[in-house]
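Single-structure report; data block below.
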Amino acid sequence: MSDPDPQQSMEALASPRVRAQLDEDLSPRRLALRRIAAANRLLIEDMVGTQVDPGDLDAVADELEALGERFRHDRPRSTYEGMAEAAMAGGAIEAFFDHSPLIGLANPLAPPIRIEMGEELVTGRVTFGAVYEGPPGCVHGGFVAAAFDEVLGTAQTYSGAPGMTARLKVDYRSPTPLHVPLVIEGRFTRREGRKIFTEGRILDGDTVTAEAEGLFVTIDPTKFRELAEGFDRRIAGDQADDA
Ligand SMILES: CCCCCCCC/C=C\CCCCCCCC(=O)SCCNC(=O)CCNC(=O)[C@H](O)C(C)(C)COP(=O)(O)OP(=O)(O)OC[C@H]1O[C@@H](n2cnc3c(N)ncnc32)[C@H](O)[C@@H]1OP(=O)(O)O
């Protein structure tokens with residue numbers, strides 16, 4: 001038996017999360033939405049602890065409200081536009097991850113975490129800014145857990161049959177600092193039937209700030225489509241009610 005072609009196995013591992021972070025082959029709309037999100041992210045970050053003259057704050061609020069009018073819509077809308085059913089069969093689902101609250105380059109709430117996938121190790125790189133503050137100068141524990149969910153959620157794809165998070169255990173070992181480049185490691189450890197076991201840690205240099213174990217349960221991929229379709233139906237229902 002010949003050894004697996006490393007190039008091929010890397011391609012097999014290339015997750016939509018990783019592809020979602022490339023700037024290649026993006027439509028002008030997606031590129032612009034990423035720019036808007038980046039500007040928005042910076043705005044939110046700089047707003048915390050702003051030195052703007054208190055007398056100018058109302059004028060700034062007026063400007064922001066006027067800008068907000070350009071994006072205003074009065075009910076939730078689907079972000080799945082352009083995601084044909086074929087997307088679930090291996091097409092371009094990375095547009096979905098553009099909106100991820102953790103890695104999404106078109107989502108200003110996302111720090112964003114940058115994901116790399118090695119042969120066995122998933123590495124997330126992130127610097128949490130002021131808006132993620134929990135204890136003074138430190139990342140809020142809920143965001144630490146969210147970061148693990150994303151990175152372990154990527155690591156579980158090495159099982160070949162990924163699913164949804166069933167359980168996430170986090171041990172907070174030492175405070176996780178803001179404004180410092182952090183490395184989040186995630187590994188797939190074993191699979192028992194539908195249960196997929198993962199573990200990970202967050203590193204600030206050599207210091208382990210947190211460790212986690214994640215249990216994922218394999219689901220039929222069509223469940224994601226059902227969730228998306230259910231969401232679309234709920235929105236459509238709301239709109240019909242309002243009509
Ligand atoms: C057009 C649009 C297209 C979109 C494109 C989409 C592409 C999408 C691709 C990727 C998206 C990824 C997005 C990132 C997300 C990051 C990860 C998350 O945040 S996920 C959100 C948080 N998680 C949930 O909301 C799950 C809620 N829970 C459930 O839905 C169910 O509980 C589920 C599926 C987890 C399991 O339910 P069951 O009915 O299928 O399976 P049962 O029989 O209950 O469990 C199976 C085994 O697992 C154990 N198990 C289940 N839950 C457990 C738990 N909490 N602790 C310990 N064991 C547990 C059970 O004891 C059982 O074990 P025994 O086989 O008997 O040994």
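The values are calculated or read from the model by the stated rules, or taken from the named source; none is laboratory data. This one's a predicted model, so the numbers in the text were calculated from it and none came from an experiment. Methodologically, a virtual Cβ is constructed for each residue, glycine included, from the backbone with ideal geometry; neighbour enumeration extends over all protein chains shown.
Remark: pairs (first residue in segment 225-238, within 16 Å of residue 96 (Cα to Cα) and part of a helix (DSSP H, G or I); second residue modelled with pLDDT under 85 and within 12 Å of the ligand (Cβ to nearest atom); Cβ separation under 6 Å; 6+ apart in sequence or on different chains) = 225/88; 228/80; 232/78. Only one of the numbered conditions (1) surrounded by 14 or more Cβ atoms within 10 Å (Cβ to Cβ); (2) of a type in the set (D, E, K, R); (3) farther than 30 Å from residue 76 by Cβ is violated by residue 192, and that is (1). Within segment 148-170, restricting attention to residues that are part of a helix (DSSP H, G or I) and more than 13 Å from residue 200 (Cβ to Cβ), which residue is nearest to the ligand (Cβ to nearest atom)? The qualifying residue nearest to the ligand (Cβ to nearest atom) is 157. The single condition among (1) touching a helix residue (DSSP H, G or I) at 6+ places or on another chain (Cβ under 6 Å); (2) under 18 Å from residue 125 (Cβ atoms) that residue 183 does not satisfy is (1).
Looking across 234, 173, one residue alone is within 16 Å of the ligand (Cβ to nearest atom) and of a type in the set (D, E, K, R). It is 234. Consider residue 189 carefully, then state whether it is more than 10 Å from the ligand (Cβ to nearest atom), modelled with pLDDT of 95 or more and either on the phi < 0 side of the Ramachandran plot or in a loop (DSSP other than H, G, I, E, B) (or both). Here the answer is yes, as residue 189 does meet what is asked. Flag: residue 145 does not match the condition of being assigned to a strand (DSSP E or B), touching a residue at least 40 places away in the same chain (Cβ under 8 Å) and under 18 Å from residue 102 (Cα atoms). Residue check: residue 223 meets all listed conditions (1) within 14 Å of the ligand (Cβ to nearest atom); (2) crowded, with 18+ Cβ neighbours inside 10 Å but one, namely (2). Taking the criterion of being more than 15 Å from residue 21 (Cβ to Cβ) and polar (S, T, N, Q), the only residue of segment 94-140 that qualifies is 127.
Once segment 195-220 is narrowed to residues that are over 19 Å from residue 157 (Cα atoms) and within 21 Å of the chain's Cα centre (by Cα), the residue that is surrounded by the most Cβ atoms within 10 Å (Cβ to Cβ) is 202. The set of residues from segment 150-161 being farther than 14 Å from residue 125 by Cα and either touching a Gly at 6+ places or on another chain (Cβ under 8 Å) or surrounded by fewer than 19 Cβ atoms within 10 Å (Cβ to Cβ) (or both) comprises 153, 155, 156, 160, 161.
Hey, any hits in segment 121-136 for a residue that's outside any strand (DSSP E or B), touching a Gly at 6+ places or on another chain (Cβ under 9 Å), modelled with pLDDT of 95 or more and within 16 Å of residue 15 (Cβ to Cβ)? No - not one qualifying residue is present in segment 121-136.
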